[in-house]
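**Student:** Quick one: the structure is below, and I'll ask about it shortly.
Read-outs: derived from the displayed coordinates by stated rules, not from any lab. Worth saying up front: this structure is predicted, and the values here are computed from it rather than measured. Don't worry about glycine lacking a Cβ; one is built from the backbone with ideal geometry, like all the others, and counts go over all protein chains shown.
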Amino acid sequence: MSSSAIGFPRRSSGSARVLPGFGLSMGISVLFISLVLLLPLTGLFGQLANLSPGEYWTVISDPRVVASYLTTLGAAGAAALVNAAFGLLLAWVLVRYDFPGKRLVDALMDLPFALPTAVAGITLATLYAKSGWAGSVLEPLGFKVAYTWVGIALAMAFTSIPFVVRTVQPVLEDMPAEVDEAAMSLGAGDGAAFRRVIMPHLWPALVTGTGLAFVRSLGEFGAVIFIAGNAPYETEITALMIFVKLQEYDYAGASAIASVLLFISLALLLAINIWQGRFVRRLHGGNG
Amino acid sequence: MSIRLEHIGKHFAGTRALEPVNLDIHEGELVGLLGPSGSGKTTLLRIIAGLENPDRSDSPTPARLLFGQRDVTHVHVRDRRIGFVFQDYALFRHMSVFNNVAFGLSVMPRRSRPSRGEIRARVLRLLEMVKLEHLADRYPAQLSGGQQQRVSLARALAVEPDVLLLDEPFGALDAKVRQDLRRWLRHLHEELNFTSVFVTHDQEEALELSDRVVVMSDGKIEQIDTPERLYRAPQNRFVFEFLGDVNHLEGDVQNGILTCGDARLAVDLPDGREELLLRPHEVRLAEQPETASHLPVTVTAVSPVGAEVRVELEADWLPGPWLATVRHADFERLNLHRGRRLFAHPRHWHRFADSAPAAPATGRAA
């Protein structure tokens, strides 16, 4: 099927595509997806085959590992919520207002993506350590950030905020000003207009952005590891547990824990996609 | 509710969008703001709505905007009791048609908000009025442009506004739908008798729909008049040219004869350079020249569609083509076809002095 579309459209079938190059581009895409995405995943599941279901369960339900799930999920959840709120605010400010230095702030939004996560981790750790700039101010007040759960969430929030900003921003930009004005002309207060007219438009993007931020935080290693302190049962993240297993050459065990993270991420992304699909269909008309 | 504007002007970032204007709109009137893009008509409408603020007047007389006796100059748009209809409908796409129309009622402060049942009854009545009651549960994206614009009108009327403001309400619709909606708006206006102001760049729409038309250009009001007077007695050249097709005849007058290349026309004007303007229906075509006029032309296009035949004329002495309308009977008698050489005879012409407001002179070919 793929080769015929490149140079020799099957006239007899009557369904030759108008846009050229489908076969070639689709073929390369599938190859790329297979090599870069599916092959490593297959490797992961291949490793899992070395474990019996019982062994698998023992590895993933080890109390220390379970504690790491809770730490990771909790911190990632907190980071995602904080990012949802502040990411929305940042996108709002960047789209709705003009101010000097706007372009600079806009460019800064990508910094967490551009910065090597280890660099971010070290920077945060030194900043919030007892001797650090922020740490020396906060710790006397009773806020301990470095080597605690809060530090982990902070590092996660730092690395994942662009997800929220960059997904919400274009949607907000595309929203015509008239929609806002229409709400006001009908007597809606700022609060009502925001809640009932603007937010519903932003929800899909905000949820997607927050979901991506959450999933990214689940797997964050470099930025978190320096500030986490890594005390067993307290501030160990799941990614670290995988790393520890690898250090012990326990590839099957590492894969088992990794698979848990993978399932959580996939389930979440799938749920968001289904929910969003429904919403977007309504916006663009039709039940089909 | 009547609307009164006093010294309302507007600058955007240093450029003047609207010169200070005064305007009185009577209760129950349907007024069209007509002008080319950039004439300030939308700015004026948005100021009336409260979506823009007028400049502070530097003259001793302050800028004021009155709805009836109520000074609304500094009243926020949400408290002005206006209905605003946008060119692109600006419907809430995530809400059903019903909820769109109910929006204005459902965001009222709790004290004055009608009960759920009352809102429902009112929305259904409005939807019936715009003939969309069967689409109440649809979403905007499932409707055609004309239906969406009707929803947006129902939504604006739901809050029982004092004035209804429409910004190019039919601009995004195709010709047939536009015609229907226009007629329908006119009926609705007569039935409910609200004061409304609409913006358009379409002369035909303005003349057909309005009780009075405000013609604007370049941030200024050129003329305010009924459609009929506007067309019959334009106050200046801009209004004349904007309200229909215009043919230009420019030449030197000497001893009562205007000459332009090999064209001659007897006119009752003093010597000097003159420019005369003619409407297409003021041009008569004949096979022979007359003593008073000798304007040889060649037919370049004929469009025999409609009540009259539109003929495009060209000649060496004309910088741009002329347009003439002739009756179908004349069309047959003159055997009009492309390439036919004829003579044009002005029945009537107009002339505007360069410095505007002086009364325009018109003349009649002898």
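**Student:** Output ³J(HN,Hα) for the stretch B:223-234: one whole-Hz value per residue in order, computed from phi by the Karplus curve 6.51 cos²θ - 1.76 cosθ + 1.60 with θ = phi - 60°, and x for Gly and Pro.
**Tutor:** Rounded to whole hertz, the list is 6, 10, 6, 6, x, 5, 5, 4, 6, 7, 10, x.
**Student:** Between A:Gly229 and residues 5 or more places away or on another chain, which pairs have amide H atoms under 5 Å apart, with H built 1.01 Å from N, and which residues are they?
**Tutor:** A:Tyr147
**Student:** Still on this model: Taking chain B on its own, what percent of its Cα-Cα pair distances exceed 37 Å?
**Tutor:** 36
**Student:** How far, in degrees from 0 to 90, does helix B:97-106 lean away from the longest principal axis of the Cα atoms of chain B, to the nearest 10?
**Tutor:** 70
**Student:** Would you compute, from DSSP H runs of 4+ residues alone, the mean residue ellipticity of the protein assembly as shown at 222 nm, taking -39500 (n - 2.57) per run and dividing by the full residue count, rounded to the nearest 500? Intermediate values should be presented prior to the final figure.
**Tutor:** Values: 25 runs with 296 residues, N = 654.
-14000 deg cm²/dmol, from helical runs alone.
**Student:** Using Cα pairs under 8 angstrom and six or more residues apart, how large is the relative contact order of chain B, in percent?
**Tutor:** Rounded, it is 15 percent for chain B.
**Student:** In units of 2.2 N^0.38 Å, what is the alpha-carbon radius of gyration of chain A?
**Tutor:** For chain A, the normalised Cα radius of gyration is 1.25.
**Student:** Can you list the residues, at least 5 places off or on another chain, whose amide H is less than 5 Å from the amide H of B:Gly68, using H built in the peptide plane?
**Tutor:** Hits under the 5 Å cutoff: B:Ser2, B:Ile3, B:Arg4.
**Student:** Compute the FRET efficiency between A:Gln247 and A:Arg64 as 1/(1 + (r/R0)^6), taking r as their Cβ-Cβ distance and R0 = 22 Å, and round to the nearest 0.05.
**Tutor:** Step by step, r from the Cβ atoms, then E = 0.90.
**Student:** A follow-up question, please. Under a 10 Å cutoff between Cα atoms, tell me which one of A:Ala134, A:Ala84, A:Ala125 has the largest fluctuation in the Gaussian network model of chain A.
**Tutor:** Highest fluctuation of the listed residues: A:Ala134.
**Student:** Next question. Nearest 0.05, what FRET efficiency do B:Asn335 and B:Arg229 give at R0 = 35 Å with Cβ-Cβ as r? List each step's numbers first, then the result.
**Tutor:** Values: r = 39 Å, r/R0 = 1.10.
That gives a FRET efficiency of 0.35.
**Student:** Apply the Karplus parameterisation 6.51 cos²θ - 1.76 cosθ + 1.60, with θ equal to phi minus 60°, to every residue of the stretch B:245-258 and state each ³J(HN,Hα) to the nearest whole Hz, in sequence, with x for glycine and proline.
**Tutor:** 6, 9, 9, 9, 9, 10, x, 9, 9, 9, 6, x, 10, 8
**Student:** Let me ask something else about it. Which of the three applies to the stretch B:218-358, rounded, prolate or oblate, going by the alpha-carbon gyration tensor with a ≥ b ≥ c and a/c under 1.5 meaning rounded? Walk me through the numbers before you get to the answer.
**Tutor:** On the way: a/c = 2.20, a/b = 1.25, b/c = 1.76.
Taking the square roots of the gyration eigenvalues as a ≥ b ≥ c, the stretch B:218-358 is oblate.
**Student:** Among B:Asp88, B:Asp316, B:Asp162, which one moves the most in a GNM of chain B with springs linking Cα atoms closer than 10 Å?
**Tutor:** In the Gaussian network model the winner is B:Asp316.
**Student:** A further question on this structure: With each label point set 7 Å from Cα along the Cα-Cβ vector, what nm distance links A:Arg281 and B:Glu204?
**Tutor:** Here the answer is 4.2 nm between the modelled labels.
**Student:** Classify the protein assembly as shown: rounded, prolate or oblate, from the alpha-carbon gyration tensor (a ≥ b ≥ c, eigenvalue square roots; a/c under 1.5 rounded; otherwise prolate if a/b is larger than b/c)?
**Tutor:** Numbers: a/c = 2.71, a/b = 2.09, b/c = 1.30.
It is prolate, given that a/c is not under 1.5 and a/b is the larger ratio.
**Student:** Under the rule a/c < 1.5 gives rounded, and otherwise a/b versus b/c splits prolate from oblate, where does the stretch B:1-76 land using the Cα gyration tensor?
**Tutor:** Working: a/c = 1.79, a/b = 1.16, b/c = 1.54.
Judged from the Cα gyration tensor, the stretch B:1-76 comes out oblate (a/c at least 1.5, b/c at or above a/b).
**Student:** Same structure again: Springs between alpha-carbon atoms under 10 Å, Gaussian network over chain A: tell me which of A:Ser61, A:Ser160, A:Ser52 tops the mean-square fluctuations.
**Tutor:** Of A:Ser61, A:Ser160, A:Ser52, the Gaussian network model singles out A:Ser52 as fluctuating most.
**Student:** A further question on this structure: Just in the stretch A:212-288: which GluC sites (Glu not before Pro) are loop by DSSP and have at most 12 other Cβ atoms within 10 Å?
**Tutor:** Those satisfying the criteria are A:Glu248.
**Student:** Ordered by residue, what ³J(HN,Hα) values in Hz, to whole numbers, does the stretch A:83-90 give under the Karplus form 6.51 cos²θ - 1.76 cosθ + 1.60, where θ = phi - 60° and Gly and Pro are x?
**Tutor:** 5, 4, 5, 6, x, 4, 4, 4
**Student:** Also, I was wondering about something else. Using amide H atoms built in the peptide plane, which far-off residues or other-chain residues are under 5 Å from B:Leu166 H to H?
**Tutor:** Amide H neighbours of B:Leu166, under 5 Å, 5+ apart: B:Val85, B:Val197, B:Phe198, B:Val199.
**Student:** While we're looking at this one, here's another question. Cross-link candidates for A:Lys144: which lysines have Cα within less than 20 Å, leaving aside residues fewer than 8 places away along the same chain?
**Tutor:** Counting by Cα, and skipping residues close in sequence, A:Lys144 has these lysines nearby: A:Lys130.
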